[in-house]
1. Based on DSSP H runs of at least 4 residues, each adding -39500 (n - 2.57), what is the mean residue ellipticity at 222 nm of the chain after dividing by all its residues, to the nearest 500 deg cm²/dmol?
2. Which of the trypsin sites (Lys or Arg not before Pro) across the stretch 37-88 are loop residues per DSSP, with 13 or fewer other Cβ within 10 Å?
3. Could you pull out the trypsin sites (Lys or Arg not before Pro) across the stretch 90-134 that fall in loop regions by DSSP (anything but H, G, I, E, B) with no more than 11 other Cβ atoms inside 10 Å?
4. Which aspartates and glutamates have a Cα less than 17 Å from the Cα of Lys89, not counting those fewer than 8 places away in the same chain?
5. Taking the number of other C-beta atoms within 10 Å as the exposure measure, put Thr30, Thr136, Thr40 in order starting with the fewest.
6. Around Asp46, with a cut-off of 12 angstrom between Cβ atoms, what is the net charge of the other residues, counting Lys and Arg +1 and Asp and Glu -1?
7. Once Lys and Arg get +1 and Asp and Glu get -1 on their Cβ, which of Ala74, Ser36, Ala127 lies farthest toward the positive end of the dipole of the chain?
8. Suppose R0 equals 41 Å; then what is the FRET efficiency for Asn142 and Ala101 from their Cβ-Cβ distance, rounded to the nearest 0.05?
Amino acid sequence: MKVAVIMGSISDMPVMQDAIDILNGFDIETEVDIVSAHRTPDKLVDFSKNAHQRGISVIIAGAGGSAHLPGMIAALSPLPVLGVPIESKKLKGLDSLLSIAQMPKGIPVGTLAIGEDGAINAALLAASIIGLSDLTVKKKLNQFRLGQSKSVKKKPK
Ligand code: RP5
């Protein structure tokens, strides 16, 4: 099972790399590509309609500004789509967040937080979805969470 990590521009890559790193850490295969809803609409349609036939089980899509990429992919693909709002220069990502989160009923996009936190959580959520049917991934996710719990100091010094 693969996860596709899609972004609207190469400028989104530093944030989306965090998602890729988490998925790689769980040995989940990734397919990474730039697909722009407004600049490469034909590629968007082609990618969205065919992703599920290539062994992809979850799509993570990051976009900034008037971020219609995750919603458009979700409208065209039967796969679960997780949207990562990229921090924009003008509105600090609030535009991206609302564009991705405020999908009208009927076509859901699982929306994460703006920026790196959202990218990391999108990857963890993808791992959790894959872990439902892949015991190895489930165990790795449990270990990750255990390590996180252990890293919290018991008392402040
Ligand atoms: C969106 O426009 C991209 O997802 C990116 O976040 C934003 C800016 O793109 P560039 O102008 O950096 O290519 O489509």
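1. Helix contribution divided over all residues of the chain: -14000 deg cm²/dmol.
2. Arg39
3. Numbers: sites: Lys90, Lys92, Lys105; in loops: Lys90, Lys92, Lys105.
For trypsin sites (Lys or Arg not before Pro) across the stretch 90-134 that sit outside H, G, I, E and B with at most 11 neighbouring Cβ atoms in 10 Å, the list reads Lys90, Lys105.
4. Answer for Lys89, where 17 Å is the Cα cut-off: Asp12, Glu116, listed by chain and number.
5. Least to most surrounded, the residues fall as Thr136, Thr40, Thr30.
6. +1
7. The Cα lying farthest towards the positive end belongs to Ala127.
8. 0.90
No lab work stands behind these numbers, since they all come straight from the coordinates. All of these numbers come straight from a predicted model, not from anything done at the bench. Here Cβ is always computed from backbone atoms with ideal geometry, including for glycine, and neighbour counts include all displayed protein chains.
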